[in-house]
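The values are calculated or read from the model by the stated rules, or taken from the named source; none is laboratory data. Note that the coordinates shown come from a computational prediction; the quantities given were computed from them, not determined experimentally. Cβ: placed from backbone, ideal geometry, glycine included. Neighbour counts: every protein chain shown.
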Amino acid sequence: MSPPPHVDYDTDLWMQIPNSWEGTPWKGPKEWGRDLSAAWWGDSGLEPSRKDLKILAATLRSCAERFPLSHPGFDVYLHLPDPRLMPLPVYVASIEAEGDRDESLRALVTTDDPDLVEKPIVEDFTSDLLGTGLRSLRYTQLPRAESEGGTLVAGVRYAWRHEASACDVVVIVSAPDPRRVLGAMDDLDDFVHRIGMPGPGSGPGEVQGPS
């Protein structure tokens, strides 16, 4: 199994949902959500009401309970530049590399999704730590009742092949609010620039560049 990617993320904008509560200061999602709500509001420069604190705490608890189930085995990060916004989940993982590089990366960022509204926009994306990979912007339509319009979901995917680790690094972002996703694009690009793969025998936070 490939080692998980390391992300040197900006802690003013991002938080990571723990993969396990063992060894953390929290018993579970409820305590984590409460503490992170207080920390985020405290650093915001805003004056929250008790209701504001409770709303964000409940939202973060729900994120911690639900989001890891969407992509098992992925690390989950939340983009939250303002405590009044809905957290945007970002999923990061490395998977064993298989087959032709270009074909594999294109498959990872496009996927054969019958709910795609249009062909995904795919372009090269270069990171100092992972080299050149692909980034896609895609829109899907989630069906509702026939009398209603479907929900438009915006998604961004990134993928690289890291030859030294014999793995593909994948980042998945999606939300039923295109404006929230598109408004976060600069932060998303900065976030993925901070992703690296641990080198052989390296310690926490030590990453190696592309081969």
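For the stretch 188-211, name all the residues that are modelled with pLDDT of 95 or more and surrounded by 17 or more Cβ atoms within 10 Å (Cβ to Cβ). Spell out how you get there, then give the answer.
If we filter the stretch 188-211 for residues that are modelled with pLDDT of 95 or more, which is where we start, we get 188-196.
Scanning the stretch 188-211 gives 188, 191, 192, 194, 195, 196.
Among the residues of the stretch 73-87, write down those that are crowded, with 22+ Cβ neighbours inside 10 Å and closer than 15 Å to residue 154 by Cβ.
Correct list: 79 only.
Could you tell me whether the stretch 3-12 includes any residue that is hydrophobic (A, V, I, L, M, F, W, C), closer than 24 Å to residue 127 by Cβ and surrounded by fewer than 16 Cβ atoms within 10 Å (Cβ to Cβ)?
Step one: list which residues in the stretch 3-12 are hydrophobic (A, V, I, L, M, F, W, C), which gives 7.
Now restrict to residues that are closer than 24 Å to residue 127 by Cβ: 7.
Of the ones still in play, those that are also surrounded by fewer than 16 Cβ atoms within 10 Å (Cβ to Cβ) are none.
For the stretch 3-12, residues hydrophobic (A, V, I, L, M, F, W, C), closer than 24 Å to residue 127 by Cβ and surrounded by fewer than 16 Cβ atoms within 10 Å (Cβ to Cβ): absent.
Are any of the residues in the stretch 150-171 over 19 Å from residue 10 (Cα atoms) and modelled with pLDDT under 90?
The answer is yes; a qualifying residue exists.
Quick check on the stretch 48-64. Is at least one of its residues among the aliphatic types (A, V, I, L, M), at pLDDT 95 or above and in a loop (DSSP other than H, G, I, E, B)?
no
Output the residues belonging to the stretch 36-47 that are surrounded by 12 or more Cβ atoms within 10 Å (Cβ to Cβ) and either polar (S, T, N, Q) or part of a helix (DSSP H, G or I) (or both).
Taking the stretch 36-47 first, the residues surrounded by 12 or more Cβ atoms within 10 Å (Cβ to Cβ) are 36-42, 44, 46.
Answer for the stretch 36-47, where residues must be surrounded by 12 or more Cβ atoms within 10 Å (Cβ to Cβ) and either polar (S, T, N, Q) or part of a helix (DSSP H, G or I) (or both): 36, 37, 38, 39, 40, 41, 42, 44.
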